[in-house]
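Here is the structure we will look at.
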Amino acid sequence: MKRSSSDAVRPTEAELQILHVLWARGACTVREVHDVLHLDGGSGYTTALKLLQVMHGKGLVERDDAQRAHVYRAAVSKERTQKRFLRDMVQRVFEGSSSQLVLHALGSQRATREELRAIRLLLNKLDKEAS
């Protein structure tokens, strides 16, 4: 049974790996997804197929079955998924404080000059909007 809104579904870790493949490469067959994720010969083709079928049922991917090999594409955007996970993390881990999340993130890893420049631009924009 397909859900009406993929926003209500939180992808599992394995489903996120598949979504990353689909976001990066666009529409893919099961074989293509399997080949990208399991280069070491780990999980089998049927595991990838089953995960994609489950994801289709959840509304996370769309399936084109016009050809013999079904082609899957992400039904949820990378940005929307990232925002959903981030909102959840801010609520659960940082008690609703996005500033604490940012302070911890910037304090725990080194940012590149380009990342710092982008952060400054965003802070300037937010500062202007708050004025």
Counting only residues in segment 1-11 that are more than 15 Å from VAL33 (Cβ to Cβ) and either in a helix (DSSP H, G or I) or modelled with pLDDT of 50 or more (or both), the one nearest to the chain's Cα centre (by Cα) is identified as ARG10
Across segment 78-124, the tally of residues that are among the polar types (S, T, N, Q) and closer than 30 Å to GLY26 by Cα stands at 3
Output for Cβ contacts, cut-off 7 Å, separation at least six or different chains, first residue without any contact (Cβ under 8 Å) to a residue 40 or more places away in the chain in segment 22-35, second in a helix (DSSP H, G or I), reads ARG31/TYR45; VAL33/ILE18; VAL33/VAL21; VAL33/ALA48; VAL33/LEU52; HIS34/TYR45; HIS34/ALA48
The lone condition ARG92 fails out of (1) more than 19 Å from the chain's Cα centre (by Cα); (2) loosely packed, with under 10 Cβ neighbours inside 10 Å is (1)
Checked ARG92, ARG68, ARG63, ARG84 against criteria (at negative phi and either in contact (Cβ under 8 Å) with a residue 24 or more places away in the chain or not basic (Lys, Arg) (or both)); the one match is ARG84
Matching residues in segment 37-61 (part of a helix (DSSP H, G or I) and within 16 Å of LYS78 (Cβ to Cβ)) number 1
If we scan segment 62-78, do we find a residue that is within 16 Å of the chain's Cα centre (by Cα), surrounded by 13 or more Cβ atoms within 10 Å (Cβ to Cβ), part of a helix (DSSP H, G or I) and modelled with pLDDT of 95 or more?
yes
TODO: Please work out if LEU106 is out of contact with any Gly (no Cβ under 9 Å at 6 or more places or on another chain), surrounded by 13 or more Cβ atoms within 10 Å (Cβ to Cβ) and at negative phi.
DONE: yes
From the option list GLY42, GLY107, single residue qualifying as modelled with pLDDT under 95, assigned by TED's automatic domain parsing to the domain that holds LEU19 and more than 21 Å from the chain's Cα centre (by Cα) is GLY42
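The values are calculated or read from the model by the stated rules, or taken from the named source; none is laboratory data. The structure displayed is predicted, hence computed values, not measured ones. Quick reminder, even Gly has a Cβ in these numbers, built from the backbone with ideal geometry, and neighbours come from all protein chains shown.
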